[in-house]
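Everything below concerns the one structure shown next.
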Amino acid sequence: MSELPILNYDPTQKAVINPFRHEGYHFPPKMLLAFVTPDHLADFYAEYHAQEIGTLLTFSNVVRVQQIRFHGEAIGICPAVIGAPASAQIIDFLIAYGAKQIIAVGSCGVLLDKPENTLLVVTEALRDEGTSYHYLPAAPSIRLDADMAAAIQTSLASVGQPAKPVKTWTNDAFFRETPALIKQYTAAGYEVVEMECAALAAIAQFRGAKFGQILFTADSLANQENYDARDFGRASHTRVLALGVNCLADLN
């Protein structure tokens, strides 16, 4: 046993509490995990005549999994919750009931000067959170599935929405994005920051699912003397839902 609990990894698949609870749900193999506002999601559900197919009850949230038909194929959509531990519970639930290819869509803060609402596809995530260490052995970062990342980029380019590959800093502590850490991590090639990607990628790898993430740029930490919230990328919430679903439909 390590003196540091975060390094005390146990590879055992079965835990005391497991995500599969024999609730009778059957989710589509392709699933969109959406870090977007409820109003944008509600409009999207209405446009595509979504139907509820499952519910995850937590202490503070009711997470309702929906399904739409897109190009004749069933695709699941699930709202996400901010933060690695909370979103981890959701993705584990989705995989337990059938999700095999998962794309997450959501915003990120920029560490270098980038325009707002720029699309990015994650290739690697810095594991500066705790959740991933319970699913994979300790390492500084996790590389996302290269085939998924390439397929997402190809799909986005095919509809005139090209996205650049990016390395992201997954950080649990929103108020601890300090100038010293930003300098250190940008020097290592990390251009954006968010709170979930490393954990989600680790869980998918541990459970045998494929995972990719599309980010859109929101607030800016590029000028550390003058933080700029901008509009938190609000203009991208609707389009990433449609783009994410299209990417899933294009997957083999």
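A compact table of results
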| quantity | calculated |
| --- | --- |
| Members of the stretch 188-211 that are acidic (D, E), in a loop (DSSP other than H, G, I, E, B) and closer than 21 Å to G244 by Cα | E196 |
| Condition met for I82 (closer than 25 Å to L136 by Cα, touching a Phe, Trp or Tyr at 6+ places or on another chain (Cβ under 9 Å) and in a helix (DSSP H, G or I)) | no |
| Test: residue in the stretch 145-163 that is under 25 Å from S2 (Cα atoms) and under 17 Å from the mean Cα position of the chain (by Cα) | no |
| Qualifying residue in the stretch 174-192 (condition: surrounded by 21 or more Cβ atoms within 10 Å (Cβ to Cβ), in contact with a helix residue (DSSP H, G or I) (Cβ under 6 Å, 6 or more places away or on another chain) and of a type outside the set (K, R)) | no |
| Counted residues, the stretch 237-252 - those being among the charged types (D, E, K, R) and buried (at least 23 other Cβ atoms within 10 Å of the Cβ) | 0 |
| Number of positions in the stretch 59-78 that are more than 14 Å from L241 (Cα to Cα) and hydrophobic (A, V, I, L, M, F, W, C) | 5 |
| Residues satisfying the stated conditions in the stretch 91-108, i.e. closer than 24 Å to K14 by Cβ, buried (at least 20 other Cβ atoms within 10 Å of the Cβ) and of a type in the set (A, V, I, L, M, F, W, C) | I91, F93, L94, I95, A99, I102 |
| Criterion: at pLDDT below 95 and either under 17 Å from G233 (Cα atoms) or among the small types (G, A, S) (or both) - qualifying residue of G72, G76 | G72 |
| Meets criteria (surrounded by 18 or more Cβ atoms within 10 Å (Cβ to Cβ), closer than 27 Å to H22 by Cα, among the small types (G, A, S) and touching a strand residue (DSSP E or B) at 6+ places or on another chain (Cβ under 9 Å)) for A88 | no |
| Selection count where residues are open to solvent by less than 60 Å² (accessible area, probe 1.4 Å) and out of contact with any His (no Cβ under 9 Å at 6 or more places or on another chain), scope the stretch 49-60 | 4 |
| Subset of the stretch 1-41 [in contact with a strand residue (DSSP E or B) (Cβ under 8 Å, 6 or more places away or on another chain) and either within 12 Å of F93 (Cα to Cα) or surrounded by fewer than 17 Cβ atoms within 10 Å (Cβ to Cβ) (or both)] | E23, Y25, H26, F27, M31, L33, P38 |
| Residue in the stretch 72-79 that is touching a residue at least 24 places away in the same chain (Cβ under 8 Å) and under 20 Å from T170 (Cβ atoms) present | yes |
| Flag for H40 being outside any strand (DSSP E or B), in contact (Cβ under 8 Å) with a residue 40 or more places away in the chain and in contact with a Ser or Thr (Cβ under 8 Å, 6 or more places away or on another chain) | yes |
| Within the stretch 109-167, considering residues that are open to solvent by 40 Å² or more (accessible area, probe 1.4 Å), in a loop (DSSP other than H, G, I, E, B) and free of Cβ contacts under 8 Å to residues at least 24 places away in the same chain, the one nearest to N8 (Cα to Cα) | P140 |
| Subset of the stretch 212-231 [polar (S, T, N, Q) and either part of a strand (DSSP E or B) or open to solvent by less than 70 Å² (accessible area, probe 1.4 Å) (or both)] | Q213, T217, S220 |
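The values are calculated or read from the model by the stated rules, or taken from the named source; none is laboratory data. In this text the structure is predicted, and so the values were computed from the model without any measurement. Positions of Cβ are backbone-derived with ideal geometry, glycine not excepted, and every protein chain shown enters the neighbour counts. The accessibility values were calculated without ligands, DNA or RNA, using every heavy atom of the protein model including side chains. Shrake-Rupley method; radii C 1.70, N 1.55, O 1.52, S 1.80 Å.
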